[in-house]
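The values are calculated or read from the model by the stated rules, or taken from the named source; none is laboratory data. Since the structure is predicted, the reported quantities are computational estimates derived from the model, not experimental observations. Backbone-built Cβ (ideal geometry, glycine too); neighbour counts: all protein chains shown.
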Amino acid sequence: MTNLRSLISLLSLALPLAILLPLSVSRVIRLTSAPTTTSTEKPPPREGRWSPEPGNYTEYPGVGYYKWYDLADSWGEAWLGCVQDGAHLVVVDSDEEADVVKDIIRKRDMSEQRGHPHVTYVGFHDLFLKGTYVTVLGDFVDDSGYTVWGPGQPDNMDGRLREACGAVFTDATLNDVACYIKAPFICEHEL
Ligand SMILES: [Ca+2]
Ligand SMILES: [Ca+2]
């Protein structure tokens, strides 16, 4: 009889708990999974090898951080190299940034030049749709703020070759090139 009474009192205690507990758990889950996209703040930079330390990325005040790489086996390799840095292939989006790119190319160590001498890979392509140039950040090149193409470009090598990947000449004017050539590239990290 005593056992039965204590069982009843235990149940009367446990029952509300059994009802309340799932409610509180679901409330916690709802709270922790609440969307956090209402903030207008930029997300923190991705983890990677990017660093503003000397010898790594160079700061051009007011424009961005940049790093020159001597060689990629293809445009895709260049793209990946920058992503692995926690950066991106440079997206030239102003005349000012074009001057930065020109400066970086001018200062490059020619003794290390192993890729195509007139090509530096940058972050645009028309791989998705021929003739529609987009940046690696997903914007149309036409809307990017810098659309100075080299003479006759883009030309798909006078129509003889599919040139779907983005590059600049040494004067930072844009060019479409074949995606598989060996060329240097520049990565950018936003300020
Ligand atoms: Ca940029
Ligand atoms: Ca071309």
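Taking segment 109-168 as the range and being among the aliphatic types (A, V, I, L, M), more than 16 Å from ligand 2 (Cβ to nearest atom) and within 16 Å of the chain's Cα centre (by Cα) as the test, the residues that pass are VAL134, VAL136, LEU137.
Here is a yes/no grid of residues against (1) at pLDDT 95 or above; (2) within 24 Å of PRO52 (Cβ to Cβ); (3) surrounded by 13 or more Cβ atoms within 10 Å (Cβ to Cβ):
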site: TRP79; (1), (2), (3): yes, yes, yes
site: CYS82; (1), (2), (3): yes, yes, yes
site: ALA98; (1), (2), (3): yes, yes, yes
site: ASP126; (1), (2), (3): yes, no, yes
site: GLY131; (1), (2), (3): yes, no, no
site: ASP143; (1), (2), (3): yes, no, no
site: GLY150; (1), (2), (3): yes, no, yes
site: PHE169; (1), (2), (3): yes, no, yes
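Take the residues of segment 114-150 that are among the aromatic types (Phe, Trp, Tyr) and not in a loop (DSSP other than H, G, I, E, B): which is nearest to ligand 1 (Cβ to nearest atom)? Break it down into steps so the answer makes sense when it comes.
Looking only at segment 114-150, we keep the residues that are among the aromatic types (Phe, Trp, Tyr), and these are 121, 124, 128, 133, 140, 146, 149.
Then drop every residue that is not not in a loop (DSSP other than H, G, I, E, B), which leaves 121, 124, 140, 149.
Numbers: TYR121: 14, PHE124: 11, PHE140: 15, TRP149: 17 Å.
Here the residue is PHE124.
What are the residues in segment 109-125 that are under 17 Å from THR173 (Cα atoms) and in contact with a strand residue (DSSP E or B) (Cβ under 7 Å, 6 or more places away or on another chain), if any? First the steps, then the outcome.
Of segment 109-125, the ones under 17 Å from THR173 (Cα atoms) are 116-125.
Answer for segment 109-125, where residues must be under 17 Å from THR173 (Cα atoms) and in contact with a strand residue (DSSP E or B) (Cβ under 7 Å, 6 or more places away or on another chain): HIS116, VAL119, THR120, TYR121, VAL122, GLY123, PHE124, HIS125.
The single condition among (1) part of a strand (DSSP E or B); (2) over 25 Å from TYR65 (Cβ atoms) that GLN153 does not meet is (1).
Cβ separations smaller than 7 Å between residues 6+ apart or across chains give the following pairs from segment 129-151 residues that are in contact (Cβ under 8 Å) with a residue 24 or more places away in the chain to residues that are acidic (Asp, Glu): TYR133/ASP126; SER144/ASP93; GLY145/ASP93; TYR146/ASP93; TYR146/ASP95; TYR146/GLU97. Among what's in segment 84-102 and is farther than 16 Å from VAL134 by Cβ and aliphatic (A, V, I, L, M), pick the residue that is farthest from ligand 2 (Cβ to nearest atom). Going through the qualifying residues, I end up with ALA87.
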